[in-house]
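J.: Have a look at this one.
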Amino acid sequence: MVLSLDRLTKTYANKKAVDNLSIEMRPGVYGLVGGNGAGKTTLMRMISAILEPTSGEVLLDGKNVADMGADYRDMLGYLPQDFGYYPHYTAKDYLHYIAVLKGIPRREAVSKSKHLLDEVGLSDVANKKIRTFSGGMKQRLGIAQAILNDPQILILDEPTAGLDPKERVRFRNLISSFASNRIVLLSTHIVTDVEAIADRVLVMKNGRIVSQGSIRDLLEEVEGHVWEIAVEPSETDKWEAETTVANLRREDNRTILRIISEDPPSDSAVSVPATLEDLYLYHFPTERS
Ligand SMILES: Nc1ncnc2c1ncn2[C@@H]1O[C@H](COP(=O)(O)OP(=O)(O)OP(=O)(O)O)[C@@H](O)[C@H]1O
Ligand SMILES: [Mg+2]
């Protein structure tokens, strides 16, 4: 199974939200990272065949997914970033309803829903109305509906937004066990999620993939650009204003700054090993994940 994006472009007014983007995805877990407005949601909506590209195509094994219609939808699971809820439904009724929309036979829908509610930790509240749910609970229900039809291609737009650390671990385990022989694409701002689940990372900026590879490959890019320097505590503001400071810690009466920079920020700077957090700041210096 190969999902190919071929010169995919989406233009709004005169803004290119996705810009001539070509990649090939095979089974595995892909982490899509990028700052606000990078084009992640626009890209995922085109891959999910909800949004028509301005130009270019999404192809599954060489066939344009727009022409595949229901055959493609049957293979696809999608969690939108702005996942809409049905507040008056119970979690169980909601999943049954989605199952009907996805054409899943009743008997299968009932057993699948039960199993999935258990997997996402919502069995206890299966008969509670969604309007009583916390943000994290709604998100977990959203993940359950996305995998209800056992999709070969799973697109999750910010699936871990609103999850607490424990829920995040549960989500990672769920995806890891689900992912074999499937294509899973998930967008996230949370660096540790990518580290824990993704085989490959796609870094998106201004509608393009600016970097891609295994986490190891990407870390290599940043290697040699992460530095530590010791400064007077009173100087930290100046360094923060002028450079990308990934971290700072006090040591005796000095402050140790971790700085992302192509060149050594000072003569006394010491090169240190890069982390994924550094990678994120390297590509998105003005954002904190
Ligand atoms: N319906 C729309 N009409 C006009 N412009 C849009 C529309 N949807 C998105 N855009 C613009 O396209 C660009 C990409 O937006 P998109 O939502 O895809 O980014 P994103 O990477 O998902 O951001 P976020 O991390 O905030 O979710 C932005 O500049 C956005 O303002
Ligand atoms: Mg988005």
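The values are calculated or read from the model by the stated rules, or taken from the named source; none is laboratory data. Treat the numbers as computed from the prediction; the structure is a model and nothing was measured. Cβ atoms come from the backbone with ideal geometry, glycine included; neighbour counts cover every protein chain shown. Accessible surface areas use protein heavy atoms only, side chains included; no ligands, DNA or RNA. Shrake-Rupley method; radii C 1.70, N 1.55, O 1.52, S 1.80 Å.
J.: State the percentage of accessible surface on the chain attributable to carbon and sulfur atoms; use a 1.4 Å probe and exclude ligands, DNA and RNA.
T.: 46
J.: For every other residue with a beta carbon closer than 11 angstrom to the beta carbon of PRO159, add +1 if it is Lys or Arg and -1 if Asp or Glu, then tell me the sum.
T.: So the surrounding residues net to -1.
J.: From the helices alone, meaning DSSP H stretches of at least four residues, give me the mean residue ellipticity at 222 nm for the chain, per-run term -39500 (n - 2.57), in deg cm²/dmol to the nearest 500.
T.: My calculation for the chain gives -9500 deg cm²/dmol from helical runs alone.
J.: Determine, from the Cβ-Cβ distance of ARG106 and GLU57 and an R0 of 41 Å, the FRET efficiency 1/(1 + (r/R0)^6), rounded to the nearest 0.05. Before the final figure, lay out each step's value.
T.: Numbers: r = 36 Å, r/R0 = 0.88.
Calculated transfer efficiency: 0.70.
J.: With an 8 Å Cα cut-off and a minimum separation of 6 or more residues, compute the relative contact order for the chain in percent.
T.: It comes to 20 percent, rounded to a whole number.
J.: On a 0 to 90 degree scale, rounded to 10, what angle separates helix 106-119 from the longest Cα axis of the chain?
T.: Helix 106-119 and the main axis of the chain meet at about 20 degrees.
J.: From largest to smallest, what semi-axes in whole angstrom does region 3-220 give when each is the square root of 5 times an eigenvalue of its alpha carbon gyration tensor?
T.: The three semi-axes for region 3-220 are 28, 20, 16 Å.
J.: A further question follows. In region 201-289, what GluC sites (Glu not before Pro) fall in a loop by DSSP, with at most 15 other Cβ atoms inside 10 Å? Please list the in-between numbers first.
T.: Values: sites: GLU220, GLU221, GLU223, GLU228, GLU235, GLU240, GLU242, GLU251, GLU262, GLU277, GLU287; in loops: GLU223, GLU262, GLU287.
In loop regions of region 201-289 (DSSP not H, G, I, E or B), the sparsely surrounded GluC sites (Glu not before Pro) are GLU223, GLU262, GLU287.
J.: Give me the net charge for the shell around VAL2: Cβ to Cβ below 10 angstrom, other residues only, Lys and Arg +1, Asp and Glu -1.
T.: -1
J.: Still on this structure, I have one more. Please report the net charge: other residues with Cβ closer than 9 Å to the Cβ of GLY207, K and R +1, D and E -1.
T.: +4
J.: Let me ask something else. With axes computed from alpha carbons, what is the tilt in degrees of helix 165-178 against the longest principal axis of the chain, rounded to the nearest 10 within 0 to 90?
T.: Value to nearest ten degrees: 60.
J.: Here is a further query. Can you tally the lysine pairs in region 1-119 where the Cα-Cα distance is under 13 Å and the two residues are eight or more apart, or on different chains?
T.: Value for region 1-119: 5.
J.: For region 95-135, run through the trypsin sites (Lys or Arg not before Pro) and keep only the ones in DSSP coil with at most 15 other Cβ atoms within 10 Å of their Cβ.
T.: LYS128
J.: Please work out the average accessible area per residue across the chain, using the 1.4 Å probe convention, and give it in Å².
T.: About 49 Å² of surface per residue is accessible.
J.: Here is a follow-up. How many nm separate the modelled label positions at THR132 and ILE23, each set 7 Å beyond the Cα in the direction of the Cβ?
T.: Going by the 7 Å Cα→Cβ label model, 4.1 nm.
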